[in-house]
Amino acid sequence: MIAQTCESAAQIIEEAKIFAGREIRPLAEEIDVTGELPRSLINRMGQLGYLAASWPAEYGGLGLDPVAYGLFTEQIGKACCNTRALITVQTSLLGETMLRFGTEAQKRYWLPQMARAEKLGAFALSEPNVGSDAKSVQTTYRKEGSHYILNGSKKWISFAAIADFFVVIAADPNGQITSFIVEREREGVHTRPMPGMLGNRGAHIAEIQLNEVRVPAENVLGIVGGGFTYIVSTALDHGRYSIAWAGAAIAGEALEAMVAYSMSRSQFGEKLHQFQLVKGLIGDAVTKVHAARTLCIAAGEMRKSGAAEAVDETAIAKYFTSKVAVEVTNDTVQVHGGNGCRTGYPAERLFREAKVLEIIEGTSQIQQQVISQYGLRKYAVKKQEEVRIGKDG
């Protein structure tokens, strides 16, 4: 990856902040209400390289390191969760995974087009009966000559309604899981939008039906049989890092909304922020937001250095920031009172968007299990070392 200098990375982040304030935040409520992310906005982000912020320049990227990419994601995520979701899917789930496991031909063909927003993708893992138990995918494939035949259904797939291609996770009769690049125009591919979502309403979520879809062998992403161990694990790790920053972003935006409203709204002849209990809510929110951002930065630094514990620390950040986002947005609604329960104010939208983060890219309950195993390994070793040193002394 071509590294950016600190100055240029900081400049990209500042420009993203300005862009988000001018061109994304004013559209956030409309995107939520209409359920559509404007194509003009997507194209503009492609022109700026924002859909490839962490990729090397040779593929149209901005070359941001993990910490800078996180700070960049935060600026977009504060302005609009749906727009940030586009970055999570295109840049993190799909792009980072293809960079690592795609063939040179796949990378040369897909990544530059994705960077320019000429091709949008979707990561097709979840199914009607398969969520957290991702190894149990029921979508199937079989080999016929130089092609693979795919059958099955995918559900809850972000941007599937408008994607030009899908990375589909499927299993053969022996349970061997493989990942395939499936273009929308292939015969037997059908999508159906899923309206009525709690959050991510502008992420064009849809179901995908695959009926005897033929894809050539060169469309295998990674190796045959490596669909879960390599593709899914890598994609979800990158996705969790993006979602960790999404939680910090929503919590930060909610805190700013809470403070602004408390300073403008009066009751009983005083501004809301002057009441002791409201001060308590603000104080807690400030602490939680600062802690969330600190965990994200720490995870980013580990990812930047290639630390062995980076994956686990990313899970911790994702788990914590998603919880913080729910807690802070809940308190933001409370401070807004009745106005927090209707459109026209960002509080209710942020509250809905925050809850989604506790489910996507691994539920909070799954993260607890992952973090627990990490803790059992990490702290048992430390305790054993302390006992050994004590005995030796």
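The values are calculated or read from the model by the stated rules, or taken from the named source; none is laboratory data. What you are looking at is a predicted structure, and each value in this text was computed from that prediction instead of being measured. Here the Cβ is made from the backbone with ideal geometry for all residues, glycine too, and neighbour counts use every protein chain on show. Accessible surface areas use protein heavy atoms only, side chains included; no ligands, DNA or RNA. Shrake-Rupley method; radii C 1.70, N 1.55, O 1.52, S 1.80 Å.
Counting only residues at least eight positions apart within a chain, or on another chain, the lysines with an alpha carbon under 26 Å from that of K143 are K107, K135, K154, K155.
Each label was represented as a point 7 Å from its Cα along the Cα-to-Cβ direction; for A380 and K279 these points are 4.8 nm apart.
To the nearest ten degrees, helix 310-336 and the longest principal axis of the Cα atoms of the chain are 40 degrees apart. The C-alpha atoms of the chain define a longest principal axis, and helix 364-392 lies at about 80 degrees to it.
Return one number: the angle in degrees, 0 to 90 and rounded to the nearest 10, between the long axis of the Cα atoms of helix 276-305 and the longest principal axis of the Cα atoms of the chain. So the inclination is approximately 30 degrees. Protein heavy-atom accessible surface, 1.4 Å probe, per residue over the chain: 45 Å². Taking a straight Cα-Cα cut-off under 23 Å and skipping sequence neighbours fewer than 8 places away in the same chain, the lysines within cross-link reach of K17 are K78, K288, K304, K318. Within a Cβ distance under 15 Å of Q176, other residues only, what is the Lys/Arg minus Asp/Glu net charge? Computed value for this residue: +2. Full extension of the segment from R108 to E309, taken as 0.36 nm per residue of separation minus the current Cα-Cα distance, would add 69.2 nm.
One quarter of the surface of the convex hull around the alpha-carbon atoms of the chain equals 22.8 nm², the direction-averaged projected area. L198 contributes an accessible area of around 90 Å² to the protein surface, as traced by a 1.4 Å probe with all chains present. Our note on the geometry: Cα centres of the range 274-301 and the range 126-181, 40 Å apart. Gain on full extension, evaluated as 0.36 nm per residue between R142 and M197 minus their Cα-Cα distance, stands at 16.4 nm. With q set to 0.14, 0.16, 0.21, 0.24 Å⁻¹, the log10 of I(q)/I(0) for the range 62-180, from the Debye formula over equal scatterers at the Cα positions, is -0.68, -0.87, -1.29, -1.43. Solvent-accessible area assigned to carbon and sulfur over the chain amounts to 53 percent, based on a 1.4 Å probe.
For the pair D133 and R44, the difference between a 0.36 nm per residue extended length and the Cα-Cα distance amounts to 28.3 nm. Each Cα pair under 8 Å and six or more residues apart adds its separation to the average, and for the chain the resulting relative contact order is 15 percent.
With a simple spin-label model that places each label point 7 Å from the Cα along the Cα-to-Cβ direction, the separation between E218 and D164 comes to 1.7 nm. Distances between every pair of Cα atoms in the range 120-258, grouped in 10 Å steps from 0 to the bin holding the largest one, split as 12, 41, 31, 11, 4, 1, 0 percent.
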